[in-house]
Amino acid sequence: MTATWLRGLLARQYGRLLAAVCGIALSVALLASLGVFLAASKSTMTSRAASSVLVDWQVKVARDADPLAVLDTVVGTAGIRVARTVRFAQTTGLSAVTAGSTQTTGPGVVLGIPANYASAFPGEIRPLTGAGSGVLIAQQTAANLHVAPGDTITIGRAGLPAAHLVIQGVVDLPQADSLFQRVGAPAASQPAAPPDNVVLVPPGTFADLFSQLAAARPDLVTTQVHVGRNQQLPPDPAQSYISVVGAAHNLEAALSGAGVVGNNLAAALDGARKDASYAQILFLFLGFPGAVLAGVLTAAVASAGRARRRREQALMRTRGATLRKMMLLSSAEAAVLGLVGGFLGLLLARLVGSWAFGTSSFGASRGDALVWTATALVVGFTVAVVSIVVPAVSDFRQMTVASARISVRRESSPRWMRWGVDLVLLAVSGLVFWQTSRGDYTLVLAPEGVAAISVNYWAFLGPGLLWIGSGLLAWRLALTFLRYGRSPLTWLVRPLTGRLASTAAAGMSRQRGLVARSVVLVGLALSFAFSTAVFNQTYRHQAEVDARLTNGADIAVTESPGVVVGPEAGSAIASISGVRQVEPLLHRFAYVGADLQDLFGVHPGTVSRATSLQDAYFQGGTAAQLMGVLAAHPDAILVSDETVKDFQLSPGDLLNLRLQDSRTKQFTTVPFHYAGIAKEFPTAPHDSFFVANADYVAKATGSGAVGTFLVDTGGANIPGVTAQIRQALGTSASVTNILTTRKAVGSSLTSVDLTGLTRVELGFALLLAAGAGGLVLALGIAERRRSFAIVTVLGAGRRQMFGLVLSEAAVVSALGLVGGLVGGWLLSQMLVKVLTGVFDPPPEGLSTPTGYLLWTLAITFAAIFGAALITGRAASRAAVEQLREL
Amino acid sequence: MSAKAIDEDGLDSALVRLESVARTYGTGQSAVVAVRDATGSVPARARLAVTGPSGSGKSTLLQLMSGLDRPTVGTVSWPALAHRHLTPTRSIAMVFQGPSLIPALNVEENVALPLVLAGQTDRDAHAAARSALALVDLTDLSDKLPEELSGGQSQRVAVARVLASRPRLILADEPTGHLDAVRGAHVIDVLLAAADQLQAALVISTHDPAVADRMTSRWRMSEGSIRTAQETVRL
Ligand SMILES: Nc1ncnc2c1ncn2[C@@H]1O[C@H](COP(=O)(O)OP(=O)(O)O)[C@@H](O)[C@H]1O
Ligand SMILES: [Mg+2]
């Protein structure tokens, strides 16, 4: 009997079945695609984090332990690619005599580096000038001492006479922070900054200099084993983190106290796993509503056969069918639909995955993939069961043969409306939002060193309830409008229906349930598309801002250390074709108390021509206001939050900085006045820095030497212009552009291929909006086929028929559009606010992708009106056949 | 089925004329011939019963007469109604066996609908609808929705809708099919009264002899053919 039933369904209702299968496939595909996105972005995060770390582990050898034994143990451990012994010695200070003057520095560090270190950890030591090995000096130390290769420096040793060495090369240490970490110490007691004064020497030289000191003061001379690992990491950063931490613990156990592991790799993966949870959250926020919408749409499609099903059920009942039998039959129907829809959905997701993310695997691991596939299929089944079995059973329970017809009785409002469920949901949503947007709440909490990440899932309630609540409220408003607003409704449809306007309005008003359902679905689909698009656009804009902040401008020309170039060099760059603006940025180091910070000198009137200054970078005024202050008061200065706290500054306070005078090379006191806070600035580091007026700085230091030229190309042909500038300037400056920076910024989500997610989401959103519009309207009209047949029989002309159908399309479009725009706007506001943690820096406002939205609206309305025309034609054509059932 | 009804001026006064009309549903093996070789005419003010068992082609015949359906073979024409070969929907009105009111419109709006469709203003159409409802004694129900009506009431509203559009030919397809004898008789009363009021012809299909007996002429149908025609036309 079941097979017969299914065959019967296929023969008579294949249109409805097809639509239901499509709906199920859509929701499964959306979920599974997001799974693919997660898998792809997680493994990207892991590999990016792993490759950002040059020295994976720094094993600090305990004071009494034998470094060779530790090295042996390390090399004997599984998953080790390379291990090198590095020695550290504290010096009391460095000094050098150049051009008749003596420069002295404070305490520093001398490293004993083996000759094969550079090849074992490429990039850890970057040669700048002179030889790449031998006695090397860090670039900033060389600057402090005014030395170059060939010069002699003096190294102070505690309790011993100073030693003299000839410098052979100047190097840069890009990962100085981790290189000079205090291994084994908690994050809070790590040094705030790496040492300023660093000299690197071969192991033999190191032994000559410090073996005596090591014996006398073992606290000043330490040994580390630097380790590069080659173990295959799991694609999921959280799992990688756990595995790397575990491996380090194993090594420490094997060393039994002889060494402590400084786990740089785990630290990087720690950040990545945080980003991965953000990715997961993004999926929930952005993808889930889409899947729910597809499910609701499926349910709407499935319920469209209700009138017919009721009639069939009535018949079956008279033939003695039981509830059990009924459940069996509808479950069979649901199972077939769920299975077919589910597999189609997975297939679609595979295609989408390889197109948008370059992968078609459903999870970061095999287990993940299984879970994702199973979840997606279960969702497909659930949608099928909820939309087919549940209504069938409830119909069967309540139904008498006589009532097997859809009712338009002047029924009382639905229960949720009387109870005000929509208003309650909105109120709770507002409350949660208020709670979560108050100051110090974090969406993702990944305490360092703790394997578990906690995600504040509460925050989801805000947008989630807003979405549901606003959908219900839209329903309520649509019902209320259709019920009481008959005269504006009549006015609205008159252009399409002429004399029939009040009849059309009366019909819609009485069948307001059907019309309101269409309105709500169209509204929800549009608000989904709208909020997704706005969020994605805002996100992209912020990624752009982030890259621009890091690189400074489209192209940044950074002068090499020691090269003095005045602002006039800017005109040479400006003459290159494709360059629109060139803006010089002065860069100095300034002491505030004992603290050395970067100082940037800007031309406040013109700086924003080449770079963008967002208000979010500053505090105490907008970007424009603070630049105005710098212009009006040349001795004004913007400082970091921290400096304000440390020095208890209030606006207008005097702040004395010590800057190096280019003529005497001496640090002299320069007075500034505190004017505001700069949290971020193009090319500036993430920690403390100053921003001041370039002319004032140049006058005070006796030099207009430029640190960086910010070049604006208007966004056009950036690679080409970069190449031309490189060619023109040679090796005297490093030229970077925003495109390469964008790829390199952090390990954070910003650089993860959200473009893929965006494409998928926008695609689905469009599909859903068009589907909701077209399908729902067509179904609504199909449900009233009989009415349309009667109207035809009573003498309605073609134009009158289309007028009736189109007027409904117009009402659904207009109300749906209003609901979608309002709901979408609110939702994007809340999304961006709740997901602030994803953004770095936080956005100034929402960016609206007008083009996409217009397209979505156009396609949705085209679908609605197309469906109206097609069903309208079908309704009037089929009138004669319908007559048989009259 | 014999001679044409020609009036004194020599004009064809038949409201609808069927000439060797056949209607086949579907094609090939599954084809069903619902009406075959039907010839006949309905003069003005006729009171015609079309009788026959279920499936004999009554409904199909009435639909062909109304112009809602086209014959596969033969011609249907409406000599006395405005355009000879165009469907004169405005002067023909039909009452159906099943519920034919629009569920979303109330009784008065349902009755007014054909008039609005014909281009009358809302006000005129509703005035006409109210007087039609008064004629069939249903003024009380004008605000009700179709689903709040009984079967007999619904059919009377359908009759009121016919009345309101003032047709010259009323076709009623088993209007009492779903009703008990008493209610059925009442609907026929109303239909006859309406036809008298409008001076229109009335064609009723039925398998109920009691209904057929109240008409003045009868076409008996069986397997798609009109077997006997008792054309006793009384003007
Ligand atoms: N739309 C249709 N498609 C196929 N067959 C039809 C259709 N309408 C009527 N028939 C068939 O035509 C024959 C006559 O039907 P009908 O005119 O409804 O007879 P009656 O009204 O006397 O019961 C029946 O056999 C019926 O099954
Ligand atoms: Mg019939």
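The values are calculated or read from the model by the stated rules, or taken from the named source; none is laboratory data. Since the model is a prediction, treat every value here as computed from it, not as a measurement. We place every Cβ from the backbone using ideal geometry, glycine too, and count neighbours over all the protein chains shown.
Summary of values
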quantity	calculated
Some residue of the stretch A:596-608 being touching a Lys or Arg at 6+ places or on another chain (Cβ under 8 Å) and of a type in the set (Ser, Thr, Tyr)	no
Selected residue (criterion: farthest from ligand 2 (Cβ to nearest atom)) from residues of the stretch B:171-214 that are within 14 Å of chain A (Cβ to nearest Cβ) and surrounded by fewer than 24 Cβ atoms within 10 Å (Cβ to Cβ)	B:His178
Members of the stretch A:471-502 found to be touching an Asp or Glu at 6+ places or on another chain (Cβ under 6 Å) and free of Cβ contacts under 8 Å to residues at least 24 places away in the same chain, listed by number	A:Ser502
Check on A:Gly795, surrounded by 17 or more Cβ atoms within 10 Å (Cβ to Cβ), at pLDDT below 85 and within 11 Å of chain B (Cβ to nearest Cβ)	yes
Residue that is farthest from the other protein chains (Cβ to nearest Cβ) [pool: residues in the stretch B:55-79 that are more than 8 Å from ligand 1 (Cβ to nearest atom) and on the phi > 0 side of the Ramachandran plot]	B:Gly74
Candidates A:Leu315, A:Leu339, A:Leu297, A:Leu328, filtered to the one that is more than 20 Å from A:Ala376 (Cβ to Cβ), at pLDDT 80 or above and part of a helix (DSSP H, G or I)	A:Leu328
All positions within the stretch B:115-140 that are crowded, with 21+ Cβ neighbours inside 10 Å and within 8 Å of another protein chain (Cβ to nearest Cβ)	B:Val116, B:Leu117
Failed item in (1) in a strand (DSSP E or B); (2) modelled with pLDDT under 85, with A:Ser747 passing the rest	(1)
Pair list, Cβ < 8 Å and 6+ apart or interchain, from the stretch B:162-176 residues that are closer than 17 Å to B:His126 by Cβ to residues that are within 16 Å of ligand 2 (Cβ to nearest atom)	B:Val162/B:Met94; B:Val162/B:Val95
Some residue of the stretch B:45-54 being within 16 Å of ligand 2 (Cβ to nearest atom), surrounded by fewer than 19 Cβ atoms within 10 Å (Cβ to Cβ) and part of a loop (DSSP other than H, G, I, E, B)	yes
Filter result for B:Gly52 (within 9 Å of ligand 1 (Cβ to nearest atom) and under 15 Å from B:Arg218 (Cβ atoms))	yes
Within the stretch B:24-39, considering residues that are modelled with pLDDT of 90 or more and away from ligand 2 (no atom under 16 Å from the Cβ), the one surrounded by the most Cβ atoms within 10 Å (Cβ to Cβ)	B:Arg36
So B:Ser66, is it within 19 Å of B:Leu192 (Cα to Cα) and within 16 Å of ligand 2 (Cβ to nearest atom)	yes
Test: B:Gln97 is within 16 Å of ligand 2 (Cβ to nearest atom) and farther than 18 Å from B:Ala200 by Cα	yes
Complete set of residues in the stretch B:89-114 that are under 17 Å from the mean Cα position of the chain (by Cα), of a type in the set (Gly, Ala, Ser) and facing chain A (nearest Cβ under 8 Å)	B:Gly98, B:Ser100
Helices (runs of 4 or more DSSP H) contained entirely in the stretch B:116-235, each with at least 1 residues that are at pLDDT 90 or above, within 16 Å of ligand 1 (Cβ to nearest atom) and touching a Cys at 6+ places or on another chain (Cβ under 6 Å)	none
Verdict on B:Ser13 being at pLDDT 90 or above, away from ligand 1 (no atom under 16 Å from the Cβ) and in contact with an Asp or Glu (Cβ under 8 Å, 6 or more places away or on another chain)	no
Residue within the stretch A:70-80 that is surrounded by fewer than 24 Cβ atoms within 10 Å (Cβ to Cβ) and part of a strand (DSSP E or B) present	yes
Qualifying residue in the stretch A:125-132 (condition: in contact (Cβ under 8 Å) with a residue 40 or more places away in the chain and crowded, with 21+ Cβ neighbours inside 10 Å)	yes
Wholly enclosed helices (runs of 4 or more DSSP H) of the stretch A:457-533 bearing at least 1 residues more than 19 Å from A:Gly824 (Cβ to Cβ), within 26 Å of the chain's Cα centre (by Cα) and at pLDDT below 90	A:458-484
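Here's the yes/no breakdown for (1) out of contact with any helix residue (DSSP H, G or I) (no Cβ under 8 Å at 6 or more places or on another chain); (2) not hydrophobic (A, V, I, L, M, F, W, C):
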{"position": "B:Ala34", "(1), (2)": "no, no"}
{"position": "B:Pro53", "(1), (2)": "yes, yes"}
{"position": "B:Met65", "(1), (2)": "yes, no"}
{"position": "B:Leu68", "(1), (2)": "no, no"}
{"position": "B:Pro71", "(1), (2)": "no, yes"}
{"position": "B:Arg90", "(1), (2)": "yes, yes"}
{"position": "B:Ala93", "(1), (2)": "no, no"}
{"position": "B:Leu105", "(1), (2)": "no, no"}
